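Asks: Dumping the structure here so I can ask a few things about it.
The values are calculated or read from the model by the stated rules, or taken from the named source; none is laboratory data. Nothing here was measured: the structure is a model prediction, and the numbers come from that model. Neighbour counts are summed over all protein chains in view; Cβ atoms, including those assigned to glycine, are modelled from backbone coordinates with ideal geometry. Accessible surface areas use protein heavy atoms only, side chains included; no ligands, DNA or RNA. Shrake-Rupley method; radii C 1.70, N 1.55, O 1.52, S 1.80 Å.
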Amino acid sequence: MGVPIVGVIGGGQLARMMIPAAVELGVEIRVLAEAEGSSARLAATQVGDYRDLDTVMAFAKDVDVVTFDHEHVPQAVLRALLDAEISVQPGPDALEFAQDKLRMRQRLSELGAPVPDWAAVSNPEELQQFISEHGGAAVLKTPRGGYDGHGVRIVRAGTDAGDWFENFEALLVEELVDFRRELAQVVARRPNGEIVAWPVVESVQRDGVCHEVFAPAPGVNSGNDRLAEVTTSIAETIAEELGVTGVLAVELFETTDQRVLVNELAMRPHNSGHWTIDGSRTSQFEQHLRAVLDLPLGDASPIDRHSVMVNILGGPQEEAITDRFAAVMARVPDAKLHTYGKSARPGRKVGHITVSGEDLDEVTYRARMAASYFEDSTE
Ligand code: ADP
């Protein structure tokens, strides 16, 4: 057998960040990107439509395993790959629950996983009834196509759905969870069943977009092990029962009355795991490659006591990169800068910064200080 070839569908930053891991492992990585000049263009890249079976088949037939940068490849395309005996990790049976939030809620409820109260609603009357039964407010979600808070809205009346009922047969409505903070539990599972978990993290969202991640979630270190046990067991159960392979991120709410509820699932490396590149013995990108190739998984323990990751949104504009980077490098030499090679657009994730160390306040201060150099870059 020669060098294994991993084919990644989708050319975003997640595919990009698999590249250094592949180089180090001696694995060949190829990308099917949506357009020229993608974030993952540093790998051997083909450009084509991931919804088109012929395109995907032509890409997939020369690789050892197909995996993903996003969850949008249609089920019919995925199943055709399986019929052609191509290894798809994670497979369509698992991915379905990351593609459709209604199916996900249904399956998690069947498994007995803790989830917010929810219902499938098909018209304003049903929505109004759920709202009335849940204190006058609820969260409405489109089952498909949502990301970074698009496709999520708080509703107070059955008429607040706008045109969503016209575009979807049914919508997901959930109780408005009174959460103390948002957590994410990231694990990796390989086809032979081995699972490895990173420490549970806190993720702070701003306008529906991940802004900061604290690893481990503050308080978990200092004896609050019950929380870590609960989140790990939830994620492991989901990974096993759904047959997930590769990285699985379980987004969670920690409620004000000390419950943990599952918000949603991502079956690929996830923003809440970016800190692992610099802060863990095995990064989520290396682990994903190992897992989809069914290789033994790496040690997921943290290198430092705390890591804080801050996303860079919007900019910087190309010409400002060198100056700003030099300034950050000079001011916070231990900050690890990551850029995604994407053009600037307001609110778009274009990079992140991680700082690790012993003292949470100090690490947080340094990570925010480093990120502050990019704060005006959305204009
Ligand atoms: P996306 O798929 O766009 O990431 P999510 O379902 O994760 O959408 O929701 C985005 C954000 O909206 C969450 O991170 C959380 O802050 C908020 N949110 C989602 N569902 C609820 C809920 N049931 N109650 C309270 N807040 C919620």
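Asks: Could you grab the pairs with beta carbons closer than 6 Å, sequence gap of 6+ or different chains, first residue in the stretch 289-311 and more than 17 Å from Glu212 (Cα to Cα), second one of a type in the set (Gly, Ala, Ser) and not in a helix (DSSP H, G or I)?
Replies: Listed pairs, sorted by first residue: Ala291/Ala188; Ala291/Gly246; Val292/Gly246; Leu297/Ala188; Ala300/Ser280; Pro302/Ser280; Asp304/Ser356; Asp304/Gly357.
Asks: Tell me, yes or no, whether the stretch 190-200 has at least one residue that is closer than 24 Å to Phe285 by Cβ, basic (Lys, Arg) and either within 14 Å of the ligand (Cβ to nearest atom) or in contact (Cβ under 8 Å) with a residue 12 or more places away in the chain (or both).
Replies: Yes - at least one qualifying residue is present in the stretch 190-200.
Asks: Scan the helices (runs of 4 or more DSSP H) fully inside the stretch 1-96 and keep the ones with 2 or more residues being open to solvent by 40 Å² or more (accessible area, probe 1.4 Å), out of contact with any Pro (no Cβ under 6 Å at 6 or more places or on another chain) and modelled with pLDDT under 95.
Replies: Result: empty, no element qualifies.
Asks: Tell me which of these Val177 doesn't satisfy, since it passes every other one: (1) within 16 Å of the ligand (Cβ to nearest atom); (2) part of a helix (DSSP H, G or I); (3) surrounded by fewer than 20 Cβ atoms within 10 Å (Cβ to Cβ).
Replies: Evaluating Val177 over (1) within 16 Å of the ligand (Cβ to nearest atom); (2) part of a helix (DSSP H, G or I); (3) surrounded by fewer than 20 Cβ atoms within 10 Å (Cβ to Cβ) leaves (2) as the failure.
Asks: Okay, moving on. It is to be established whether one or more residues within the stretch 78-93 are within 16 Å of the ligand (Cβ to nearest atom) and of a type in the set (Asp, Glu).
Replies: Taking every residue of the stretch 78-93 in turn, none turns out to be within 16 Å of the ligand (Cβ to nearest atom) and of a type in the set (Asp, Glu).
Asks: Another one. Scan the stretch 136-160 for residues that are within 11 Å of the ligand (Cβ to nearest atom) and either among the small types (Gly, Ala, Ser) or open to solvent by 70 Å² or more (accessible area, probe 1.4 Å) (or both) and jot them down.
Replies: Ala137, Ala138, Arg144, Gly145, Gly146, Tyr147, Gly149, His150, Gly151, Arg153, Ile154
Asks: Moving to a separate point now. Quick one: would you say Gly243 is within 16 Å of the ligand (Cβ to nearest atom) and over 20 Å from Ile277 (Cβ atoms)?
Replies: no
Asks: State which residue is farthest from the chain's Cα centre (by Cα) when the search covers only the stretch 113-135 and only residues that are in a loop (DSSP other than H, G, I, E, B) and within 14 Å of the ligand (Cβ to nearest atom).
Replies: Top of the filtered list is Gly135.
Asks: Can you tell me which residue among Ala217, Ala228, Ala235 is more than 28 Å from Arg144 (Cα to Cα) and assigned to a helix (DSSP H, G or I)?
Replies: Only one candidate passes the filter, namely Ala228.
Asks: Let me ask something else. Can you spot a residue in the stretch 358-372 that is under 29 Å from Leu95 (Cβ atoms), of a type in the set (Ser, Thr, Tyr) and either assigned to a loop (DSSP other than H, G, I, E, B) or open to solvent by less than 60 Å² (accessible area, probe 1.4 Å) (or both)?
Replies: So far as the stretch 358-372 goes, no, none of its residues is under 29 Å from Leu95 (Cβ atoms), of a type in the set (Ser, Thr, Tyr) and either assigned to a loop (DSSP other than H, G, I, E, B) or open to solvent by less than 60 Å² (accessible area, probe 1.4 Å) (or both).
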